[in-house]
Amino acid sequence: MEENSILVEDLCKTFPGFTLDHVSFTVPKGRIVGFIGENGAGKSTTIKLILNELKKDGGSIEVLGKDHSDCAVKEDIGVVFDECNFHDVFTAKNIEKILSGVYKSWDSGLYRQYLKRFQIPENKPVGSFSKGMKMKLSILCALAHKPKLLIMDEATTGLDPVVRDEILDLFLEFIQDEEHSVFFSSHITSDIQKIADYVILLHQGKVIFEEQKDDLVYNYGILRCGKEAFAGVSQEDYLIHRTTNVSEEILVRDRDAVKRKYRDMIVDNATLEEIMLFYIKGGIPCGD
């Protein structure tokens, strides 16, 4: 049985106008899990609940085999949000001095290796850094205390492709020994498609799917046909469909099987973003 770094079961949290509704998922040990969904879907709320920054209304959360409220867990988690939380007047050297007193496992040698690798100056104030440099510094600080689990909330948003690529490479290095895990939310589905092992789609406070990334990218597809031809497509062959001005677009789980069955119709590959949009933009599930 695969060991989990995060286990969420029937998680509930209610605010005025929004409910996180019995959310369940896992982050397997040694894997990268991408967390996607529209603004307001509940991704940040879920992450804050996992980190015990919000109190849940129901359900259970385990992190690294312990209840998420256990203080001992915090030492083994690296956390990065979408904004750098270090004061502008601090330098990388100041930050090391502070964090080395916070984390028992802080590794100054590793921290300085990272600074050198990513060309982050030790003695310049953080306020003089670009957004990309600030985010890299935040991630390096999260890694320098040698966590077992890295949790990121929109940490790559607004960064240029070169910086994002450097950060994604860091994630892949982090999990190489299969003892570490990454759980990260992002609006940039191409980043998740590039490196994630599993993908969770959250929509309006509910988990729509929790799938292996390769199954989504290599097996799902989009069948496109006219409205008359659509009447001949069996409901058992698709997941969801939507009507455009000129055609029907149909999300299928097994594109190769659908290609063999409907030889006169076009079946394209589906990107992760396209799959997400089918659910979020109000497609019609089969049978409806």
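The values are calculated or read from the model by the stated rules, or taken from the named source; none is laboratory data. Small disclaimer: the values here were computed from a predicted structure and weren't measured. Note: ideal-geometry Cβ built from the backbone for every residue, glycine included; neighbour counts use all protein chains shown. Keep in mind that these areas ignore ligands, DNA and RNA; they rest on the heavy atoms of the full protein, side chains included. Shrake-Rupley method; radii C 1.70, N 1.55, O 1.52, S 1.80 Å.
Within the stretch 16-38, the set of residues being more than 17 Å from residue 64 (Cα to Cα) and either of a type in the set (A, V, I, L, M) or in contact (Cβ under 8 Å) with a residue 24 or more places away in the chain (or both) comprises 18, 19, 20, 21, 22, 23, 34, 35, 36, 37, 38.
Of the candidates 73, 89, 102, the single residue that is within 26 Å of residue 196 (Cα to Cα) and among the aliphatic types (A, V, I, L, M) is 73.
Evaluating residue 120 against the criteria (1) assigned to a loop (DSSP other than H, G, I, E, B); (2) surrounded by 21 or more Cβ atoms within 10 Å (Cβ to Cβ) leaves one unmet condition, (2). Determine whether residue 100 is open to solvent by 30 Å² or more (accessible area, probe 1.4 Å), modelled with pLDDT under 95 and touching a Phe, Trp or Tyr at 6+ places or on another chain (Cβ under 6 Å). Yes, satisfied. The residues of the stretch 125-144 that are outside any helix (DSSP H, G or I) and modelled with pLDDT under 95, listed by number, are 129, 130.
Could you please find all residues in the stretch 143-162 being among the small types (Gly, Ala, Ser) and crowded, with 21+ Cβ neighbours inside 10 Å? Explain how you work it out, then say what you get.
As a first pass, look at the stretch 143-162 and keep what is among the small types (Gly, Ala, Ser): 144, 155, 158.
Residues satisfying the conditions are 144, 155.
Residues in the stretch 257-274 that are under 28 Å from the mean Cα position of the chain (by Cα), without any contact (Cβ under 8 Å) to a residue 60 or more places away in the chain and open to solvent by 30 Å² or more (accessible area, probe 1.4 Å): 268, 269, 274. Restricting the first member to the stretch 64-80 and to residues that are open to solvent by less than 60 Å² (accessible area, probe 1.4 Å), and the second to residues that are part of a strand (DSSP E or B) and of a type in the set (D, E, K, R), the beta-carbon pairs closer than 7 Å and six or more apart or on different chains are 68/62; 72/66; 73/66. Taking the stretch 185-209 as the range and being open to solvent by 20 Å² or more (accessible area, probe 1.4 Å), at pLDDT below 95 and hydroxyl-bearing (Ser, Thr, Tyr) as the test, only 190 passes.
Only strands (runs of 3 or more DSSP E) wholly contained in the stretch 1-78 count here; list those with 1 or more residues that are of a type in the set (Asp, Glu). Lay out the reasoning, then the answer.
On the way: elements: 4-15, 18-28, 32-36, 58-63.
Ranges flagged: 4-15, 18-28, 58-63.
Just so you know, in the stretch 244-288 the residues that are of a type in the set (Ser, Thr, Tyr) and closer than 22 Å to residue 37 by Cβ include one that is modelled with the lowest pLDDT, and it is 279. Is there a residue being part of a loop (DSSP other than H, G, I, E, B), within 21 Å of residue 29 (Cβ to Cβ) and modelled with pLDDT of 90 or more anywhere in the stretch 156-178? Looking for residues that are part of a loop (DSSP other than H, G, I, E, B), within 21 Å of residue 29 (Cβ to Cβ) and modelled with pLDDT of 90 or more, one finds at least one in the stretch 156-178, hence yes.
Contact map, the stretch 163-184: residues that are closer than 17 Å to residue 135 by Cα and open to solvent by less than 20 Å² (accessible area, probe 1.4 Å) paired with residues that are modelled with pLDDT under 90 and of a type in the set (Gly, Ala, Ser), Cβ distance under 7 Å, separation 6+ or inter-chain. Pairs shown: 163/132; 184/155.
Residue by residue through the stretch 16-41, note down the ones that are of a type in the set (Gly, Ala, Ser), at pLDDT below 95 and either in contact with a Cys (Cβ under 8 Å, 6 or more places away or on another chain) or within 24 Å of residue 274 (Cβ to Cβ) (or both). Correct list: 37, 40, 41. Starting from residues that are open to solvent by 10 Å² or more (accessible area, probe 1.4 Å) and in contact (Cβ under 8 Å) with a residue 24 or more places away in the chain, keep the ones in the stretch 210-231 and report whichever is nearest to residue 166 (Cα to Cα). Of everything passing the filter in the stretch 210-231, 213 is nearest to residue 166 (Cα to Cα).
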